[in-house]
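Okay, so here's the structure we're looking at.
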Amino acid sequence: MNGPAIEAHGVTVRYGEVVALDCATLTVERGRVCGLVGTNGAGKSTLFKAIMGSVKLSGGTVRIDGMDPVRARRAGEVSYVPQSEDVDWAFPLTVREVIMTGRYGRMGVTRRAAAADHAAVDLAIDRTELGELQGRQIGELSGGQRKRVFVARGLAQEAAILLLDEPFAGVDKRSEATISRVLREHASGGGTVLVSTHDLAALVALADEAALMARRILVHGTPEEVLRPEHLTRAFGLDPLARTAEGVAA
Ligand SMILES: Nc1ncnc2c1ncn2[C@@H]1O[C@H](COP(=O)(O)OP(=O)(O)OP(=O)(O)O)[C@@H](O)[C@H]1O
């Protein structure tokens, strides 16, 4: 592995006339949790897609562990938990089966789970506290439980880099606490986490560093530094102290 875990330099992405990212630069070193903060439409999801190599760049470069992002993704180095899953919730899949899909990249064409696959899934289930729910149909789960399932799928993949787009939106307190703990543990074990959140209050406990974005990275530093009122005013365009974090971001 060469270079930082995530290195986006001068990244520009356009959707037709819309400039979603305008020269965004962000470096995240291994073993860190970085919180990504910005208004709706600030380009957070697009930055995740650029890091995954799933969107065309009009400018700039992305390197993951020194590698091209598509290569890194194919090597299973990066796992992405999107804001909303494109999943048919009525499809009869159990929690365990969904988490096992995180192992598909390692199974080859037969998709036959070996002992190592079951062990990785067991560990992911344990860490996300889904033991009692592993036989349930995913359609029966609450929003927070579903989120934990997709975080568990990322853990089962054993990717060094976890990208999570709004994992705390609409989840219950228990799921929020579990996901936060899992992310901190991942970083303590040498992994890297980039997580977008609207929950500014939780950022200090969750993240080692934060990045404030509005089509590009405006400030990148400790959460305390990034959350200074003058920076939030710049990113959100109003007095953040006059509103709750949720209200500002909405
Ligand atoms: N497929 C697309 N086609 C056209 N415009 C898009 C597309 N995806 C995103 N955009 C636009 O690009 C900009 C950045 O969107 P993006 O989803 O990256 O922001 P975000 O910070 O993740 O916002 P949110 O929190 O609402 O998901 C927005 O103006 C959005 O409307």
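The values are calculated or read from the model by the stated rules, or taken from the named source; none is laboratory data. The structure displayed is predicted, hence computed values, not measured ones. For neighbour counting, all protein chains shown are included, and Cβ atoms are generated from backbone atoms with ideal geometry for every residue, glycine included. In case anyone asks, the SASA skips ligands and DNA or RNA and just uses the protein heavy atoms, side chains included. Shrake-Rupley method; radii C 1.70, N 1.55, O 1.52, S 1.80 Å.
Some observations on this one:
- Carbon + sulfur, % of accessible area of the chain - ligands and nucleic acids excluded, 1.4 Å: 50
- Size of electric dipole in region 1-82: Cβ of Lys, Arg +1 and of Asp, Glu -1, about Cα centre, debye, nearest 20: 180
- Backbone HN-Hα couplings from phi across region 137-154 [Karplus 6.51/-1.76/1.60, Hz, Gly and Pro as x]: 6, 4, x, 8, 8, 6, x, x, 5, 4, 4, 4, 4, 6, 5, 4, 4, x
- Here the 3J(HN,Hα) profile of region 99-107, calculated from phi with Karplus coefficients 6.51, -1.76 and 1.60 at θ = phi - 60°, is 5, 4, 4, x, 8, 3, x, 9, 8 Hz, Gly and Pro shown as x.
- Straight-line cross-link partners of Lys173 among the lysines, defined as a Cα under 19 Å from its Cα and at least 8 positions apart when in the same chain: Lys147.
- Cα centroid separation - region 129-194 against region 60-112, whole Å: 14
- For Tyr80, the solvent-accessible surface computed with a 1.4 Å probe is close to 50 Å², ligands and nucleic acids excluded.
- Mean accessible surface per residue for region 1-128, computed with a 1.4 Å probe while every protein chain stays in place, in Å²: 51
- Taking Ser188, Ser58 and ordering them by how much accessible surface each has at a 1.4 Å probe, largest first, produces Ser188, Ser58.
- Over the chain, the hull volume per residue, using the convex hull of the C-alpha atoms, is 131 Å³.
- Loop trypsin sites (Lys or Arg not before Pro), region 110-157 (other Cβ atoms within 10 Å of the site Cβ: 10 or fewer; DSSP): Arg112
- Overall form of region 50-118 per C-alpha gyration tensor (a/c, 1.5; a/b vs b/c): oblate
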